[in-house]
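Working notes, beginning with the structure itself.
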Amino acid sequence: MSELQDAWADLLRRRPSFGPSLAVYGEILDGWARWSPPRSLALAPAPEAWRASWERGTPLVAEAARVLRAADLEDLVGAAMEALAGVESGLAPALQAFAAAWDSGAVGPAVLLPARGRIGAAPGDAAGLGADALAFVAGASLRPALEALFAPAREHFMESDWSLGICPFCGGPPGFIDVVEDGRRRLACHLCGGAWPFAKLRCPFCGVDGAAHLVRLTPEEAREEGYLVSACRECRAYIKEVDRRARWNAGPALVEDWGSPHFDLIAHRQGYWRPIPSIVQIAAR
Ligand SMILES: [Zn+2]
Ligand SMILES: [Zn+2]
């Protein structure tokens, strides 16, 4: 059992009523655990180039686009699409069209990788699959491959070199916030497993600074010590966070995010959005 599978099982023990509606995430984690790369994906060592890139404020996503081939991701993407179709059967025709485009080589890894301001291809470039579904497939497929790819670069990352709201490795949007021992915030990337520190009172999505622009959603009906939804009045994006000083038993960021759909529903109802939608939002359409 992988570490994430283990943590997921633990989360479902804490929140058993979520089990049925979140079964798809268990399937995704099982798929990741079964996967092994068809070839070595690790980036060739280039610490100076990586550091120079970070100093310019540029993530390493171009490296990923250069290295990854469709065949590398085929099993992961296939499993992610199958999982999504199982939850939202209305997406089946679009997913079939996407699969056909993938098989023919018309689309490949580049349509799933983050680009400035979005995940995946520009609208119209992804064989008819909508932006939310595409972002979900990216979130459900890329991580094991990108983790292997960026592994050599992790140890060279200097936290002082990076203050942006996107992942320094894959360029993806943050998926979750961890508040750590001294109250500092760390953003977590679900697409590659990256993590980096970030200013406390800044929106990671639009960069606006100051408490006046941010709103904390902690509605009575879902109050849980240590958990909250942090949303931005300006760009209307939201992200969930856990304060690990209050929640010593919290799991990895990905597991905490996937395992708290009740907070997504609250944010969604109030008109906030997130870059990678929760499965409950996709299924609610
Ligand atoms: Zn990342
Ligand atoms: Zn914002």
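The values are calculated or read from the model by the stated rules, or taken from the named source; none is laboratory data. Bear in mind the structure is a predicted one, so any value in this text is a computation, not a measurement. FYI the Cβ positions are ideal-geometry reconstructions off the backbone, even for glycines, and counts take in every protein chain you see.
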Notebook entry, point to check: Can you tell me which of Phe150, Phe169 is more than 16 Å from ligand 2 (Cβ to nearest atom), of a type in the set (A, V, I, L, M, F, W, C) and either outside the structural domain of Pro252 (by TED's automatic domain parsing) or closer than 23 Å to Phe18 by Cα (or both)?
Noted result: Phe150
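Here's the yes/no breakdown for (1) small (Gly, Ala, Ser); (2) crowded, with 23+ Cβ neighbours inside 10 Å; (3) more than 30 Å from Ala65 (Cα to Cα):
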{"position": "Arg186", "(1), (2), (3)": "no, no, no"}
{"position": "Lys200", "(1), (2), (3)": "no, no, yes"}
{"position": "Gly207", "(1), (2), (3)": "yes, no, no"}
{"position": "His213", "(1), (2), (3)": "no, no, yes"}
{"position": "Glu220", "(1), (2), (3)": "no, no, yes"}
{"position": "Gly226", "(1), (2), (3)": "yes, no, yes"}
{"position": "Cys232", "(1), (2), (3)": "no, no, yes"}
Next item on the list: Within segment 259-279, count every residue that is part of a loop (DSSP other than H, G, I, E, B) and aliphatic (A, V, I, L, M).
Entry: 1
Margin query: I'd like the residue in segment 167-184 that is surrounded by 18 or more Cβ atoms within 10 Å (Cβ to Cβ) and more than 8 Å from ligand 1 (Cβ to nearest atom) and, out of all such residues, is nearest to Arg116 (Cα to Cα).
Written below: Pro173
Check: Which is under 20 Å from Ala46 (Cβ atoms), among the hydrophobic types (A, V, I, L, M, F, W, C) and either within 12 Å of ligand 1 (Cβ to nearest atom) or modelled with pLDDT under 95 (or both), of Ala126, Ala145, Ala135?
Finding: Ala145
Notebook entry, point to check: What is the residue count in segment 59-87 for residues that are surrounded by fewer than 19 Cβ atoms within 10 Å (Cβ to Cβ) and assigned to a loop (DSSP other than H, G, I, E, B)?
Noted result: 1
Next item on the list: Run down Val280, Val255 and say which single residue is closer than 21 Å to Arg223 by Cβ and surrounded by fewer than 19 Cβ atoms within 10 Å (Cβ to Cβ).
Entry: Val280
Next item on the list: Would you check which residues across segment 202-217 are farther than 24 Å from His262 by Cβ, assigned to a loop (DSSP other than H, G, I, E, B) and within 21 Å of the chain's Cα centre (by Cα) and list them?
Entry: Cys206, Gly207
Check: Name the pairs whose Cβ atoms lie under 7 Å apart, with the first residue in segment 192-214 and under 16 Å from Trp273 (Cα atoms) and more than 16 Å from ligand 1 (Cβ to nearest atom), the second modelled with pLDDT of 95 or more and among the polar types (S, T, N, Q), and 6 or more positions between them or separate chains?
Finding: Leu214/Ser230
